[in-house]
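A.B. asks: This is the structure I have questions about; it appears just below.
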Amino acid sequence: MKAMGTIDRYVLRQWLATFALSTLGIPAVAVLIRLSENYGKLADASVPGRDILLGFALLYPGQMAMLFPAGVLFATVFTLNAMGRHSELTAVKACGVSFYRLIAPMLVLASIAMPVNYALNEVAALGVSRQRELHHEKANPNELSRSEFGFQATNGWTWAVKELQRGRGYLRTLLLESPASDDGRWTIAADSARWDGDQGAWVLYRGVAMLSADSGGSATTLTFRSMRSPDLVQHPDELVNPRSMAEEMQVGELRAYLDRLQRTGERPGMLAVDLPLKFAVPVACLVVALFGAPLAVTNPRAGAALGLAIALGTTLVYLTGTQIMKAIGGKELISPDLAAWSMNGLFLAVAIVLLVRVKS
């Protein structure tokens with residue numbers, strides 16, 4: 001059989017038509033439903049109508065990205081289900097084309113869908129972040145504050161802070177400790193500190209600095225009314241952690257945010273699972289295609305209702321299972337990577353069994 005024969009072109013046309021309908025149409029319906037449910041609330045909150053509509057339009061790429069694997073599954077199941085109902089599967093097999101060869105073009109398209117889904121997720125993060133701003137769902141950074149927390153900077157300095165007022169760039173009652181060096185270790189206690197935006201550093205006020213040798217030698221103590229150190233350059237945004245959603249952060253931003261949470265001593269919760277999920281969900285495009293293909297031909301002459309049941313059932317099980325594993329991983333009962341990839345592993349294992357047992 002040729003690399004791109006008549007059967008391949010036929011399968012690709014059917015698959016792409018169903019895929020386009022599901023990945024473009026279903027997200028549009030989901031966005032319209034959210035718009036109808038929330039327009040009144042946002043209008044009552046004095047959000048301009050233009051911002052409301054633009055915000056929901058920006059949600060569309062995110063809905064597409066979320067439903068991309070489902071679109072691949074729908075396209076695979078409905079294409080094979082329709083071919084079975086019209087006896088096309090029987091005709092194809094009579095021509096000497098195996099089931100595995102028949103689904104090869106679908107698997108190629110499912111493989112292409114993986115990087116497309118990943119890229120769409122990255123674009124969607126920008127849209128979700130902007131939507132939250134337009135709908136006034138994001139906290140004003142200048143209104144953020146934090147009390148009694150610790151922080152380990154990337155340069156090794158350890159901070160203990162009584163209070164941070166982000167808007168004023170102000171710290172109250174802080175204790176700092178430098179990493180160990182050949183000269184010893186600095187410990188600095190200050191009554192307060194202010195962020196100097198022009199110099200990009202903190203200015204400490206009314207405190208004491210002590211240099212102690214790790215070998216147990218004598219310590220040097222200095223008092224100061226104000227002091228600036230080139231090592232204390234952590235921006236106020238790095239000390240306060242606004243509650244962000246994984247959906248509004250790209251992979252690099254989410255990785256940096258998780259690192260910041262770790263250095264401030266906060267548990268990331270389910271956000272730790274969201275990072276590997278940004279890779280696991282695109283891979284699901286291929287996994288669900290492998291899973292749905294043999295299921296779609298279990299009863300070749302079944303009606304379209306069976307195909308719909310298979311597609312919806314598989315999507316529901318995958319999404320529900322992912323959320324359950326995400327909650328388990330967020331409570332640190334299992335590793336975040338295991339929680340994120342577990343459903344892909346389960347569906348792939350079942351898919352291999354089904355593919356081996358299918359009549360080729």
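The numbers here are math on the coordinates, done by the rules we state, and not lab data. Here the structure is a predicted model, which means the values were calculated and not measured. Every residue, glycine as well, gets a Cβ built from its backbone with ideal geometry; the counts of neighbours run over all protein chains shown.
A.B. asks: Please work out the Cα center distance from segment 310-360 to segment 13-29, rounded to the nearest Å.
C.D. replies: 23
A.B. asks: Now a separate question. For segment 1-127, calculate the relative contact order in percent as a whole number, restricting contacts to Cα pairs under 8 Å that are 6 or more residues apart.
C.D. replies: 40
A.B. asks: At what distance in nm do the modelled label points of Leu126 and Glu266 sit from each other, each positioned 7 Å from its Cα along Cα→Cβ?
C.D. replies: According to this spin-label approximation, the distance is 2.6 nm.
A.B. asks: Shifting gears a bit: Pull up the cross-link candidates among the lysines for Lys359, meaning alpha carbon to alpha carbon under 24 Å and not fewer than 8 places away within one chain.
C.D. replies: Lys2, Lys93
A.B. asks: For segment 1-148, rounded, prolate or oblate, judged on the Cα gyration tensor with a ≥ b ≥ c (square roots of eigenvalues), a/c < 1.5 rounded, else prolate if a/b > b/c?
C.D. replies: In terms of gyration-tensor shape, prolate.
A.B. asks: Further, regarding this structure: Cut-off is 10 Å between beta-carbons; in what order do Asp182, Asp51 appear when sorted fewest neighbours first?
C.D. replies: Asp182, Asp51
A.B. asks: Simple spin-label model, 7 Å along Cα-to-Cβ: Leu338 to Thr298 in nm?
C.D. replies: Each label point lies 7 Å from its Cα, and together they span 3.0 nm.
A.B. asks: Between Val116 and His86, 0.36 nm times their residue separation minus their Cα-Cα distance comes to what?
C.D. replies: Extending this stretch completely gives an extra 7.6 nm.
A.B. asks: Moving on. Mean separation of Cα pairs under 8 Å and 6+ residues apart, divided by the residue count of segment 142-242: what relative contact order is that in percent?
C.D. replies: Reported relative contact order: 21 percent.
A.B. asks: State whether the chain is rounded, prolate or oblate according to the following rule on the C-alpha gyration tensor (a ≥ b ≥ c being the square roots of its eigenvalues): a/c under 1.5 gives rounded; otherwise a/b larger than b/c gives prolate, and the remaining case gives oblate.
C.D. replies: It is prolate, given that a/c is not under 1.5 and a/b is the larger ratio.
A.B. asks: Taking the number of other C-beta atoms within 10 Å as the exposure measure, put Glu37, Glu248, Glu122, Glu332 in order starting with the fewest.
C.D. replies: Glu37, Glu332, Glu122, Glu248
A.B. asks: Is any helix in the chain, taking whole DSSP H runs, at least 15 angstrom long along its axis by alpha carbon and on average at least 0.0 on the Kyte-Doolittle scale, and which ones?
C.D. replies: Length and hydropathy pass: 6-44, 60-85, 99-134, 271-296, 304-330, 336-357.
A.B. asks: Pairs of Cα atoms under 8 Å, at least six residues apart: use those to get the relative contact order of the chain, whole percent.
C.D. replies: Rounded, it is 19 percent for the chain.
A.B. asks: Between the alpha-carbon centers of segment 222-291 and segment 89-105, tell me the distance in whole angstrom.
C.D. replies: When both Cα centres are located, 48 Å separates them.
A.B. asks: How about segment 97-199: which chymotrypsin sites (Phe, Trp or Tyr not before Pro) there are in a DSSP loop, with at most 11 other Cβ atoms within 10 Å of their Cβ?
C.D. replies: Filter output for segment 97-199: empty list.
A.B. asks: Please arrange Arg357, Arg194, Arg260 by counting, for each residue, the other beta carbons lying within 10 Å of its beta carbon, fewest first.
C.D. replies: Listing Arg357, Arg194, Arg260 from fewest to most nearby Cβ atoms yields Arg357, Arg194, Arg260.
A.B. asks: Estimate the FRET efficiency between Ala17 and Lys359 by the formula 1/(1 + (r/R0)^6), using the beta-carbon distance for r and 30 Å for R0, to the nearest 0.05.
C.D. replies: 0.65
A.B. asks: Let me ask another. How high is the FRET efficiency from Asp198 to Ala28, r the C-beta distance, R0 35 Å, rounded to 0.05?
C.D. replies: 0.15
A.B. asks: Which pairs, out of Lys41/Lys138; Lys138/Lys278; Lys162/Lys278; Lys162/Lys331, put more than 26 Å between their alpha-carbon atoms?
C.D. replies: Where the Cα-Cα span goes over 26 Å, the pairs concerned are Lys162/Lys278; Lys162/Lys331.
A.B. asks: Can I ask one more? Taking a virtual spin label 7 Å from the Cα of Phe224 along the C-beta vector, which residues in segment 184-202 bring their backbone nitrogen under 14 Å of it?
C.D. replies: Residues passing the 14 Å test: 186-196, 201-202.
A.B. asks: Quick check: from the Cα gyration tensor, does segment 41-103 come out rounded (a/c under 1.5), prolate or oblate?
C.D. replies: It is prolate, given that a/c is not under 1.5 and a/b is the larger ratio.
A.B. asks: Between Ile52, Ile334, Ile33, find the one with the highest GNM mean-square fluctuation for the chain; connect C-alpha pairs within less than 10 Å.
C.D. replies: Looking only at Ile52, Ile334, Ile33, the biggest GNM fluctuation is shown by Ile33.
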